[in-house]
Amino acid sequence: MSGFRHLRILLVSALFSGAATAASDEAPKKEYPIDPKSGLKMAPGWEMVNAQCNACHSSLIVSQHSGDKNAWRETLQWMIDTQGLWDLSETWEPILDYLSTHYGVSDIDMKTFRRLPLDPASMPPPRK
C-alpha cells in the first residue's frame, strides 16, 4: 500500500471516529407521545398546561405556536392583560418551562404551513 493511500485511510478513519464521538456526546432529545385529545406533547407538565389553556381555547393553538421563554411569557401576559386570563401565580414557571421546552423556537416546517409568520410589527393592534 502506498504511503499516500495509507495516510488517506487513516484520515478517513479519524474523521468517522470523530463524527461518531461528537454524535454520542449530544444527549438524545426525548420524544414524548402526543395526547390524542389535546394534541399536546405528554411531557412533564402537560396536564397543567392542558387544564390552564383548554379552559379558554383549544390546546391546538399551543401546538401551532412556538417561542422561547420570553416570547411565551409575553403571550401569556397579553392574555392576562387583554383576554381575561386569570393570575397564573405559582404555575407561571412550570407552564413557561413546558411551553419553551416543547414548543420552543424551531424551524418552520413549510410542508405544514403555507407561509412564514407575519412580522409582529405588521400585526394589527390588539382590541380594546
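Quick rundown of the values:
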| item | result |
| --- | --- |
| Selection status of ASP35, farther than 13 Å from TYR103 by Cα, at pLDDT 90 or above and of a type in the set (Asp, Glu) | yes |
| Conditions (1) of a type outside the set (Asp, Glu); (2) surrounded by 10 or more Cβ atoms within 10 Å (Cβ to Cβ); (3) at pLDDT 75 or above; (4) under 21 Å from the mean Cα position of the chain (by Cα): number failed by PRO120 | (2) |
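The values are calculated or read from the model by the stated rules, or taken from the named source; none is laboratory data. Just so we're clear, the structure is a prediction, and the values are computed from it rather than from any experiment. Cβ coordinates were reconstructed from backbone atoms using ideal geometry, including for glycine residues, and neighbour counts include every protein chain displayed.
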